[in-house]
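Asks: Attaching a single structure in structure tokens format; questions to follow.
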Amino acid sequence: MKTYFTQILTISGKDIRLEIRTRQMAVSVIVIIVALLVVANLAIPNTTTTTTVYSTTATVVWLCMLIASFLVVMRSFIIEHDQIGFQGLTMCPVPRDAIYLGKVISNLVFLLAIESVLFPLSSILFNIPLLTLTIVAITVPATLGIAGAGTLFAAMSVNTKAREILLPVLFFPAVIPIILAAIDATQRALQGTTGSALWQDIGVLAVLSIAITTTSAILFTFAMDE
Amino acid sequence: MLLQNRIMLTVMAIALMASLYLIFIVVPTDVNLGVSQRIFYIHVPLAVLSLIPPLIVFTTSAMYLSSKASKWDRIAHSSVEVGLLFTTLALITGSIWARPTWGVWWTWDPVLTTFLMLWLVYLGYLLIRSYSTDPDRRARFSAIVGILGSVNALAVYLASELWRTIHPGKVIGPAAEENALDPSIQLGILVSFIAIFLLFAYSIIFRARLHATVDQIASLRSQLDDLSHDTNH
């Protein structure tokens with residue numbers, strides 16, 4: 001069991017180390033996010049009620065995360081594919097699901113890092129209280145589900161002819177339930193909803209994310225069965 | 001096989017003609033909804049039958065992954081093709097009905113959202129098939145997309161039902177006809193349902209057979225290539 005976790009952490013550690021050394025992805029994703037927020041400011045007029053601002057901003061923030069997550073998961077497999085690292089990974093004497101979980105963890109770390117920039121930035125730019133513990137409780141399960149589904153689809157589409165076109169076609173519809181749930185929970189949290197109604201939302205989000213990640217882990221072993 | 005095909009086609013053709021006759025000649029015009037309600041006789045069977053392919057795809061894809069028997073892959077592929085056709089037609093006919101009745105072409109009702117989502121999943125399934133070059137990989141990848149897509153369609157329905165209750169979903173279900181007293185309306189629904197079900201089942205069977213033939217030709221061709229390669233040496 002200990003070896004299994006070491007294998008997972010070694011794989012995720014490799015990706016995280018690579019990103020810390022090159023910083024290729026972080027810079028480009030942050031530039032894209034800022035550009036998206038600048039465009040989205042037109043959708044959030046100053047004159048409307050707070051409720052409208054909250055619901056629009058929650059949608060904008062999660063749309064940014066959807067696009068950022070596409071770039072992150074695609075990148076995590078393109079570097080492997082282009083440098084023939086993936087072949088090495090599949091030849092390693094580690095279970096396929098350890099490779100999957102290692103990749104999920106590194107993608108989750110990257111996405112949480114992006115969120116730690118996106119959320120404070122959106123709070124400042126749109127004047128909304130996005131930096132609360134409730135928002136963190138929504139973000140962590142939602143991001144896990146996005147990383148879980150994204151890792152599986154990126155591993156598959158990188159092995160096809162049109163990987164950049166195919167990934168969003170498979171990935172975006174797959175994470176729609178999670179994104180819808182996350183937007184709704186964020187809207188409620190911003191509007192000050194507390195107690196069981198909000199926790200029920202977060203609970204559903206957590207169940208959905210764990211279900212998608214577990215199913216993806218099982219399916220990943222079939223996807224890499226070559 | 002040929003006789004069986006002919007019988008199936010004849011029964012289907014008769015049922016389709018009968019349903020068209022009932023829809024346009026026999027069934028009375030709805031008092032509240034007017035002539036636009038006639039599209040329901042086509043729309044409802046299409047929409048209800050669109051919910052069957054996800055179940056077939058989920059089961060056959062899981063069977064393929066566990067057994068690697070290509071017949072399961074062919075059935076899943078055919079169900080997605082027919083599912084895509086039926087979902088597209090259900091979305092179009094629903095939209096045509098919604099415009100005069102609700103005043104909009106589209107609304108984010110849970111049922112509508114689920115159908116749009118299903119439509120996207122079907123397209124994704126067919127795209128991954130066309131972009132995968134290796135036949136074994138193609139079957140495996142599409143089975144994975146099929147399983148996750150079917151589960152996801154259900155999740156979208158639950159999610160949008162929980163969070164987006166704009167109006168009751170039953171409005172676009174067969175509830176409108178249930179209040180109708182005229183027995184010809186009930187007959188109209190029944191005959192349309194049978195006709196469209198036959199079209200649905202026949203299309204899946206026909207496509208699955210066609211895919212089997214295509215696979216057979218491909219394997220014969222590769223055998224022929226191997227033979228000619230051997231003789232050249």
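Asks: Among A:95-101, A:60-66, A:128-134, A:114-120, how do they line up from the highest to the lowest mean number of other beta-carbon atoms within 10 Å?
Replies: A:60-66, A:95-101, A:114-120, A:128-134
Asks: Can you tell me the FRET efficiency between residue B:11 and residue B:220 if r is taken as the Cβ-Cβ distance and R0 is 35 Å, rounded to the nearest 0.05?
Replies: 0.55
Asks: How long, wide and thick is the range A:1-132, going by the Cα atoms along their three principal axes, in whole angstroms, largest first?
Replies: Reported extents, whole Å, longest axis first: 60, 31, 21.
Asks: Please give the residues of the range A:19-45, grouped as numeric ranges, whose backbone N is less than 11 Å from a label point set 7 Å along the Cα-to-Cβ vector of residue A:117.
Replies: The answer is A:23-35.
Asks: Between residue A:218 and residue B:20, take the C-beta separation as r, use R0 = 56 Å, and let me know the FRET efficiency to the nearest 0.05.
Replies: 0.75
Asks: For residue A:5 and residue A:132, what is the calculated FRET efficiency with R₀ set at 35 Å and r taken between the beta-carbons, to the nearest 0.05?
Replies: Approximately 0.65, to the nearest 0.05.
Asks: So, one more: In Å and on Cα atoms, what radius of gyration and Dmax does the range A:68-226 show?
Replies: 16.7, 51
Asks: Extending each Cα 7 Å along its Cβ direction at residue B:36 and residue A:32, get the distance between those two points in nm, one decimal.
Replies: 4.1 nm
Asks: What distance in nm lies between label points placed 7 Å from Cα along the C-beta direction at residue A:23 and residue A:161?
Replies: 4.0 nm
Asks: Taking just the alpha carbons, could you work out the radius of gyration and Dmax for the range B:1-46, both in angstroms?
Replies: My reading of the Cα-based Rg and Dmax gives 14.3, 48 Å.
Asks: What does the highest-first list of B:47-59, A:6-18 look like by mean Cβ count within 10 Å?
Replies: The packing order, highest mean first, is B:47-59, A:6-18.
Asks: Once each part is reduced to its C-alpha centroid, what is the distance from the range A:1-64 to the range B:79-98 in angstrom?
Replies: 36 Å
Asks: Report, to one decimal in Å, the Kirkwood hydrodynamic radius for the range B:86-132 based on all distinct Cα pairs.
Replies: Result for the range B:86-132 stands at 11.7 Å.
Asks: Related question: For chain A, what's the relative contact order in percent, using C-alpha pairs closer than 8 Å and at least 6 residues apart?
Replies: 27 percent
Asks: If you average 1/r over every pair of different alpha-carbon atoms in chain B and take one over that average, what Kirkwood value in Å do you get?
Replies: Here the Kirkwood hydrodynamic radius works out to 19.8 Å.
Asks: Could you work out the relative contact order of chain B, using alpha carbon pairs under 8 angstrom and six or more residues apart, expressed as a whole percent?
Replies: RCO, chain B: 31 percent.
Asks: Here is a follow-up. Ignoring solvent entirely, what values of log10 I(q)/I(0) come out of the Debye formula for the protein assembly as shown at 0.06 Å⁻¹ when each Cα is a single scatterer?
Replies: So the normalised log intensities are -0.33.
Asks: Go ahead and collect, in residue order, the members of the range A:146-172 whose backbone nitrogen is under 13 Å from a label point 7 Å along the Cα-Cβ direction of residue A:82.
Replies: Only A:164 fall inside the zone, counting backbone N under 13 Å.
Asks: What is the mean number of Cβ atoms from other protein chains located within 10 Å of the Cβ atom of each residue in peptide A:181-187, rounded to a whole number?
Replies: Mean number of neighbouring Cβ atoms from other chains: 2.
Every read-out reported here was derived from the displayed coordinates using simple, explicitly stated rules and does not represent laboratory data. These numbers were taken from a predicted model, which means no experiment stands behind them. Positions of Cβ are generated from backbone atoms using ideal geometry, with glycine treated the same way; all protein chains shown enter the neighbour counts.
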